[in-house]
Structures are given as C-alpha cells and as structure tokens.
Amino acid sequence: MLAEVASQALLIARLRHRLAGRRTHRFGASFKAIEQVQLAFEASEIAIAKLTAKPWVADDEPDAEKNNPKRRPIPGHIP
C-alpha cells in the first residue's frame, strides 16, 4: 500500500510539473507570480494539515463493538 501511495505521489508531482511548464509557455511571466502564490498557499495548507492531524495509533486492544456481534448466533438445531 505504501508503494502505491508513493507511486501516486510521484505521478502527481510529474503532472504538476508538466502543467506548470505548459502554463508558463501559455501565459509567460505573469504565470510565475501566480505560481508563487499557489505554492505559498499549498505550503500553508500542508502546515495546517500537519497541525490538525491526529496521530495514527494501532489498536492493541479490541473494541467492545468488535467483540459484540450485531447478529444473533445461529440456533443449534440448524446444521
């Protein structure tokens, strides 16, 4: 799963790079200023996400809901 996430992140980076090149070609120098604002905005979004994210902790103890089945058990007279 980590390899898949890493490959998707690489693909996203490649596509962003291609898109930036095409925008620069189309809009010229004015795009550079817009790109800097977008990068600053993205950096601030990442920083906010890091501050508000809850750390992932593996559950060592099973939850009470997992121990209590939602259905009734099969009656003993049914094979």
Next on the checklist: Under the 0.36 nm per residue contour assumption, what length would be gained going from the current alpha-carbon distance of ALA40 and LEU11 to full extension?
Outcome noted: 8.3 nm
Checklist entry - Which ³J(HN,Hα) values in Hz, rounded to whole numbers, follow from the phi angles of region 32-44 under the Karplus curve 6.51 cos²θ - 1.76 cosθ + 1.60, where θ = phi - 60° and Gly and Pro get x? => result 4, 5, 5, 4, 5, 5, 5, 5, 5, 5, 5, 5, 5
Checklist entry - Measuring from label point to label point, each 7 Å out along Cα→Cβ, what is the ALA3 to LEU19 span in nm? => result 2.8 nm
Checklist entry - Taking 0.36 nm per intervening residue step and subtracting the Cα-Cα distance, what contour gain separates ALA47 from HIS77 on full extension? => result 4.8 nm
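Read-outs: derived from the displayed coordinates by stated rules, not from any lab. Everything numeric in this text was worked out from a predicted model, so none of it was measured. Counting neighbours? That spans all protein chains shown, and the Cβs are built from the backbone with ideal geometry, glycine included.
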